[in-house]
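**Student:** Here it is, the structure in full.
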Amino acid sequence: MWRLGPIALEGWHLILLALGLLLLGWVLRGFMIRISGTWERVDEGVPEGKRELITLVQFGPFVRGRRLMRGGFQEYTGILRGRTIFISRRDHGEELIISQGFPKELVPDLDGSVTARLRLTLSADGRAIFGTFVPQKIEFTYKPPAVTRRVFLEPSFRRYKLVSRDIIDLEAEAEQVAQTEKTPFRKTI
C-alpha cells in the first residue's frame, strides 16, 4: 500500500491509474496527428478520367469518412493508432448496391454492412496516406436471392493524396455545374 497524503493507494489503484494515463495519452496523441480533409486516390487502380475522393473527419483518434457515389455513399469508420488508421467501409444506398451486381432483394442484407477494410499510414509530411485495401467477396444465389458466403480477399495497395484540409462537398459542386448547364446563355454584343 502506498500513501499519498491522506489517500491510501493499493496495487490495483496504481494499475487503474496507469491504464487511465495510457488511454489519455492515446486520445491526446490523436489530436496531434491530422487526418481530417479530402483525399484523392492516386494509385494505378483508378479508372481513367474518374476521381475517387473520400472525406475524413476526426475527433482525436476516432475517424469517420464518406465517399459520395451515384445512388448512395460509402461510409468509413475507424481508429487512429500512431500514424496508422484502421478503417472499415460500409456501402449504403439501394441504387449503389444494385449497380454492383446484386439483386434488389439482397439490398436490406447488404446495406450498411462491412464490405472492405483499409489500413492506411500517414506519410511523414502529412500529404499522403497509403497502405492496404482488403475487399470482401460476397457470394449469393439468384433463386432464391440469398447471401451464401462472405470472405475477405487478398489485400491490394491504395494511395491517397491530400486535396484539401477542408471538406469538399462534391454533391453541391455537381448541382452547381448542373444548374450552370441548364441556365440559358445570352450573349450581348
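**Student:** Any idea how far apart R81 and F157 come out in nm if each label point goes 7 Å out from Cα toward Cβ?
**Tutor:** Each label point is offset 7 Å from its Cα along the Cβ direction, giving 2.4 nm.
**Student:** Based on Cα positions only, what radius of gyration and what Dmax would you give for the stretch 20-69, in angstroms?
**Tutor:** Taking only Cα atoms of the stretch 20-69, I get Rg and Dmax of 15.0, 49 Å.
**Student:** Roughly how tilted is helix 170-182, in degrees to the nearest 10 and between 0 and 90, from the longest Cα axis of the chain?
**Tutor:** Approximately 20 degrees, to the nearest ten.
**Student:** Nearest 10 degrees is fine. How inclined is helix 11-32 to the longest principal axis of the chain, computing both from alpha carbons?
**Tutor:** The angle comes out near 30 degrees.
**Student:** Where the centre of each part is set by its Cα atoms, how far does the stretch 119-153 sit from the stretch 26-54, in angstrom?
**Tutor:** Cα centroid of the stretch 119-153 versus Cα centroid of the stretch 26-54: 16 Å apart.
**Student:** Taking every Cα atom in the chain, find the radius of gyration and the maximum pairwise distance Dmax, and write them in Å.
**Tutor:** 22.7, 92
Each value in this text was obtained by applying a stated rule to the coordinates, not by laboratory testing. Since this is a predicted model, take the numbers as computed values, not measurements. In this analysis, Cβ positions are derived from the backbone assuming ideal geometry, glycine residues included, and neighbour counts consider all displayed protein chains.
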